[in-house]
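Undergrad: Below you'll find the structure I mean.
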Amino acid sequence: MTELTPREIVSELDRYIIGQKEAKRAVAVALRSRWRRQRIEGPLQAEVTPKNILMIGPTGVGKTEISRRLAKLAGAPFIKVEATKFTEVGYVGRDVEQIVRDLVEAAIVMQRETRRESVKARAHDAAEERVLNALVGENAGESTRATFRKKLREGELDEKEIEVAVADTANPLGMLDLPGGGGQMGMVNIGDIFGKAFSGRTKKRRMKVADSYELLIAEEADKLVDQEEITRDAISAVEEDGIVFLDEIDKVCARSEGGVRGADVSREGVQRDLLPLIEGTTVTTKHGAVKTDHILFIASGAFHVAKPSDLLPELQGRLPIRVSLRDLTEEDFVRILTEPDNSLVKQYEALMKAEGVTLEFTEDGVSALARIAAEVNRAVENIGARRLYTVMERVFEEISFTAPDRDGETVTVDAAFVERHVGDLAASADLSRYVL
Ligand SMILES: Nc1ncnc2c1ncn2[C@@H]1O[C@H](COP(=O)(O)OP(=O)(O)OP(=O)(O)O)[C@@H](O)[C@H]1O
């Protein structure tokens with residue numbers, strides 16, 4: 001669990017997300033509250049409920065991004081789900097509890113990665129021995145092995161083909177939907193049930209020495225880490241640190257005035273299904289039972305039509321923190337293009353650098369990109385910062401294609417350049433509807 005204070009969390013988020021101070025503060029407090037809860041002694045600890053958040057704001061203004069970055073910062077298992085997916089026609093079986101099961105799977109992947117990392121050096125040594133065995137045979141003398149080991153480490157044998165026996169992960173019986181399970185347990189991998197019987201099967205594969213390493217290191221690492229411990233820690237990470245981002249919650253509001261009754265009923269049904277998860281229940285997963293009491297839920301929606309007060313009262317009570325995210329302005333776009341550590345300008349510069357092409361963005365070039373994105377958002381549809389991606393892609397389409405022939409060139413991205421590549425399109429709402 002992170003020790004960062006709310007102020008530190010906000011300043012970390014500032015590295016990636018422009019503005020939206022209120023939302024950043026709310027998620028920072030929610031995270032710190034978990035840290036505080038851990039420090040409460042006695043039975044009161046279990047009583048403290050998470051500071052679940054309702055984020056209200058138009059599309060593409062940073063709601064998901066703030067939540068995702070927060071999870072990353074906290075090393076917390078994270079999942080994003082669209083609430084509307086549970087209202088889809090033909091939706092059967094995949095109940096809302098699947099959210100928790102998916103979160104557990106995400107946590108397992110995270111735990112496995114961390115552990116693989118910690119045994120990497122040992123796994124690397126073991127992988128090297130297997131490559132040597134494949135090259136010279138298991139019975140070769142120590143001096144032969146030493147000679148080959150040296151060559152191997154110097155990369156001289158990278159291109160050589162070897163045959164190695166790797167674990168056969170293909171499942172001969174495929175996926176099985178347990179009868180009578182009503183989909184409650186989700187799909188069960190038959191290999192998980194009869195795991196022991198199937199594990200240990202190997203198949204021989206031919207590959208280059210250089211390509212074999214990644215696979216063999218992963219296999220050796222898995223042998224060194226304790227799978228049961230991974231599952232146990234993953235479940236406890238979900239219970240203590242898990243974050244669920246529930247998008248489009250406004251779309252499952254039954255509106256008070258008019259509307260199609262049937263649809264409203266099904267929407268309200270989704271809220272009712274979600275409620276126990278948020279209030280705290282125990283979900284059965286194939287890895288064990290998971291308590292959801294302390295999972296942090298961040299619900300989000302534009303609330304253009306429905307209002308937060310249209311949500312079920314119980315649900316409103318469980319989303320006590322309300323924050324609004326504002327529309328992004330042209331000035332925000334300028335900052336989003338340039339300031340974040342992973343800004344689009346930095347990304348395009350780096351991509352072109354790989355081809356030996358230097359991009360030089362001028363101030364008026366960046367302003368033109370921001371202006372066009374804002375104009376298209378106004379004229380066609382406001383999709384927030386996502387518009388920057390489509391505009392940038394269009395502006396750099398030609399350079400992206402021809403870059404390999406332009407090694408050593410410097411391209412100045414000024415207002416004229418931007419206008420030349422995208423100006424005409426942006427001027428016509430009809431055209432930009434399709435291409436921007
Ligand atoms: N304030 C911001 N600062 C930096 N980048 C942003 C900001 N807002 C959005 N972006 C970028 O725009 C993209 C879309 O944002 P995000 O996924 O957070 O949208 P959202 O508000 O969750 O909308 P939706 O509810 O439709 O998913 C992301 O790639 C994100 O990096």
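Any read-out appearing in this document is the output of simple, stated calculations on the displayed coordinates, not a laboratory observation. All of these numbers come straight from a predicted model, not from anything done at the bench. In this analysis, Cβ positions are derived from the backbone assuming ideal geometry, glycine residues included, and neighbour counts consider all displayed protein chains.
Undergrad: Show me, for the stretch 151-165, the HN-Hα J-couplings you get by feeding each phi into the Karplus relation (A = 6.51, B = -1.76, C = 1.60, θ = phi - 60°), rounded to Hz, glycine and proline as x.
TA: Computed from phi, the couplings for the stretch 151-165 are 4, 4, 5, 7, x, 5, 9, 3, 8, 5, 8, 10, 10, 10, 8 Hz.
Undergrad: What residues qualify as long-range amide H neighbours of Val413, i.e. H under 5 Å apart, gap of 5 or more or another chain, H built at 1.01 Å from N?
TA: For Val413, the qualifying residues are Glu360, Phe361, Thr362.
Undergrad: Cut-off 10 angstrom, C-alpha nodes, Gaussian network model of the chain. Which of Leu344, Leu215, Leu275 fluctuates the most?
TA: Judging by the Gaussian network model, the answer is Leu215.
Undergrad: Still on this structure, I have one more. Divide the volume of the convex hull of the Cα atoms of the stretch 330-435 by its number of residues and quote the answer in cubic angstrom per residue.
TA: Working: hull volume 9.1 nm³, N = 106.
Roughly 86 Å³ of hull volume per residue.
Undergrad: If Lys and Arg each add +1 and Asp and Glu each add -1, what is the summed charge of the other residues whose beta carbon sits under 13 Å from the beta carbon of Lys203? Can you show the working numbers first?
TA: Numbers: positive: Arg201, Lys204, Arg205, Arg206; negative: Glu163, Asp168, Glu219.
Once positives and negatives cancel, what remains is +1.
Undergrad: What does the charge dipole of the chain about its Cα centre add up to, to the nearest 20 debye, if the Cβ of each Lys and Arg holds +1 and the Cβ of each Asp and Glu holds -1?
TA: Working: 62 positive and 76 negative charges, 234 e Å.
Here the size comes out at about 1120 debye.
Undergrad: Share of Cα-Cα pairs in the stretch 275-365 beyond 19 Å, in percent? Show your work: numbers first, answer last.
TA: Working: 2671 of 4095 pairs.
When all Cα pairs of the stretch 275-365 are counted, 65 percent exceed 19 Å.
Undergrad: Output wanted: per-residue J couplings in Hz (rounded whole) for the stretch 61-69, from phi through Karplus 6.51 cos²θ - 1.76 cosθ + 1.60, θ = phi - 60°, x for Gly and Pro.
TA: Residue by residue, the stretch 61-69 yields 10, x, 4, 5, 4, 4, 5, 5, 5 Hz.
Undergrad: Here's something else I'd like to know. Percent relative contact order of the stretch 330-435, based on C-alpha pairs within less than 8 angstrom and at least six residues apart?
TA: Here the relative contact order equals 35 percent.
Undergrad: For the chain, with the dipole built from +1 on Lys and Arg beta-carbon atoms and -1 on Asp and Glu ones, taken about the Cα centre, which of Leu216, Gly280, Val270 lies farthest toward the positive end?
TA: Gly280
Undergrad: To check you understand DSSP bridge types, tell me what percent of the beta bridges within the chain (both residues inside) are antiparallel, rounded to 5. Working shown, then result.
TA: Working: 13 of 34 bridges.
Expressed as a percentage, antiparallel bridges in the chain total about 40.
Undergrad: Explain nothing, just compute: Karplus ³J(HN,Hα) = 6.51 cos²θ - 1.76 cosθ + 1.60, θ = phi - 60°, for every residue of the stretch 384-390 in order, whole Hz, x for Gly and Pro.
TA: Going residue by residue, I get x, 5, 4, 4, 4, 5, 5 Hz, with x marking Gly and Pro.
Undergrad: Need one number: convex hull volume per residue for the chain, Cα atoms only, in Å³.
TA: Numbers: hull volume 89.9 nm³, N = 436.
Hull volume over Cα atoms, normalised by residue count, gives 206 Å³.
Undergrad: For the stretch 80-152 and the stretch 385-406, compute the distance between their C-alpha centroids and round to whole Å.
TA: So the separation of the two Cα centres works out to 35 Å.
Undergrad: How much length is gained if the chain between Glu22 and Met207 is pulled fully straight, taking 0.36 nm per residue apart and subtracting their Cα-Cα distance, in nm to one decimal?
TA: On the way: separation 185, 0.36 × 185 = 66.60 nm, distance 5.31 nm.
Full extension from Glu22 to Met207 adds 61.3 nm.
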